1. Take the range 102-122 and flag every residue that is in contact (Cβ under 8 Å) with a residue 12 or more places away in the chain and surrounded by 13 or more Cβ atoms within 10 Å (Cβ to Cβ).
2. Among the candidates A79, A99, A66, A59, which residue alone is surrounded by 16 or more Cβ atoms within 10 Å (Cβ to Cβ), touching a residue at least 24 places away in the same chain (Cβ under 8 Å), in contact with a helix residue (DSSP H, G or I) (Cβ under 7 Å, 6 or more places away or on another chain) and more than 16 Å from L114 (Cβ to Cβ)?
3. Quickly run through the range 55-81 and pick out the residues that are of a type in the set (D, E) and closer than 15 Å to L93 by Cα.
4. Would you check which residues across the range 99-122 are at pLDDT 95 or above, within 19 Å of E65 (Cα to Cα) and charged (D, E, K, R) and list them?
Amino acid sequence: MRNLFAPSNRWAPFSAPSAADLAIADGGAAAGAAGIPCVGAGAPALDEAVEFACSSAIAEVGAAEACLIAIENPYADIAPSSIDRIVERFGHLGAIREALLARTDLSLAARQALVRQLSSKLADFVAGRA
């Protein structure tokens, strides 16, 4: 059986941060990220399966980078409620928004929330230039 918590090769040119490191970068450790095995043991690789519980923990307390890795993983089982939580927490970030909008299983409500966040961001941009 493959190790689902091995560091991702995606970060090979860098210092290969673990999901715990990514969660700490967002303050997730204060929310209990260190006590969640799948968050504290390292980021799953993009070609490995991730169970609902792990993706839910990442969506709840993981940093934006950890959520992006989970979203981009085609083998990750991500519950619609976890996707909604990622939208709520990180929908304002372009990379997260782009990855979520590329998903075919994105619910209409989540898609609308992302479009609403984007339109708000664009309105603020235009108002700031006036």
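1. R103, L106, S107, A110, A113, L114, Q117, L118, K121
2. Details: A79 fails: surrounded by 16 or more Cβ atoms within 10 Å (Cβ to Cβ); A99 fails: more than 16 Å from L114 (Cβ to Cβ); A59 fails: more than 16 Å from L114 (Cβ to Cβ).
A66 is the lone residue from the list that is surrounded by 16 or more Cβ atoms within 10 Å (Cβ to Cβ), touching a residue at least 24 places away in the same chain (Cβ under 8 Å), in contact with a helix residue (DSSP H, G or I) (Cβ under 7 Å, 6 or more places away or on another chain) and more than 16 Å from L114 (Cβ to Cβ).
3. Of the residues in the range 55-81, the ones of a type in the set (D, E) are 60, 65, 72, 77.
Within the range 55-81, E65, E72 meet the criteria.
4. Hits for the range 99-122: nothing passes.
The values are calculated or read from the model by the stated rules, or taken from the named source; none is laboratory data. A quick note: this is a predicted structure, and the numbers were derived from the prediction, not measured. Neighbour counts run over all protein chains shown; Cβ positions are idealised from the backbone, glycine included.
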